[in-house]
Amino acid sequence: MTALLRIVSNASRWLAWIGGAMLLLCALLVSLDVVFRAVWQVSYFESFELSTYAFAIATAMGMSWALVSRAHIRIEVLYTALPAGWRPWLDVFAHFGLAVVSTALLYWCAQLVLGNWQTGARSNSSLSLPMAIPQGIWLLGLAWFALTASLYAVFGLWKCLSGRAAEAHQRLGVATPLDEIDASTGRSAGRC
């Protein structure tokens, strides 16, 4: 199971990089659009529409990396006040909650994408792009996030039930200040 989580972690990192590259490409397109409009009074790149799609896709692709790297925000007032033995179970509960929410989000977004694909909906712009294309890519990012959240929840439950709650807490728990320092300086905390 740990090897599977390592694969998921690496794939999530790559998806986050792809999402970031898409945002950089959009910044380039917006810059070119501004220059072309200022100099030649024309707009060739449809940067507003493309950057809207790219932002949604990059967000969906980055959510799994945020989960893997423990960057999601969690309210830890009660968490830190509880005994250390309870924390792994709260981590598992939080990840199961995230898995349920992400799966529900995936379901409803899939309904939207399928509906747009069946009706042949297109963007209301000069590109007239079929909406199912960018939404389908966005849906893949959401599906990966739901899968990642589910795998992490099952991993944590498995570790807690097998008496290795400390391992579950190390993988799923709220990042410690030392983990935050290591992440900000580029050092690995040795988790993946």
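The values are calculated or read from the model by the stated rules, or taken from the named source; none is laboratory data. All of these numbers come straight from a predicted model, not from anything done at the bench. Cβ: placed from backbone, ideal geometry, glycine included. Neighbour counts: every protein chain shown. Heavy atoms of the whole protein, side chains included, go into the accessibility calculation; ligands, DNA and RNA do not. Shrake-Rupley method; radii C 1.70, N 1.55, O 1.52, S 1.80 Å.
So I have (1) 24.2, 90; (2) 20.2, 68; (3) 21.2, 66, and one of them is Rg and Dmax of the Cα atoms in Å calculated from this model. Which one is it? Here Rg and Dmax of the Cα atoms in Å agrees with entry (2). Pairs of C-alpha atoms in region 77-148 farther apart than 14 Å represent 68 percent of all such pairs. Simple point charges give the picture: +1 on the Cβ of Lys and Arg, -1 on the Cβ of Asp and Glu, and for the chain a dipole about the Cα centre of about 420 debye.
Since only Gln135, Ala81, Ala56 are under comparison, the one whose Cα sits farthest along the positive direction of the charge dipole of the chain, derived from C-beta charges on Lys, Arg, Asp and Glu, is Ala81.
The relative contact order of the chain comes to 25 percent, based on Cα pairs under 8 Å that sit 6 or more residues apart.
By accessible area, using a 1.4 Å probe on protein heavy atoms only, region 70-131 has 71% of its surface on carbon and sulfur. Modelled spin labels at Val100 and Ala3, positioned 7 Å past Cα toward Cβ, are 3.3 nm from each other. Looking at the chain, the accessible area is 59 square angstrom per residue; that uses a 1.4 Å probe and ignores ligands, DNA and RNA. You can think of it this way: the chain between Gln118 and Arg37 has 25.5 nm of extra reach, that is 0.36 nm per residue less the Cα-Cα gap.
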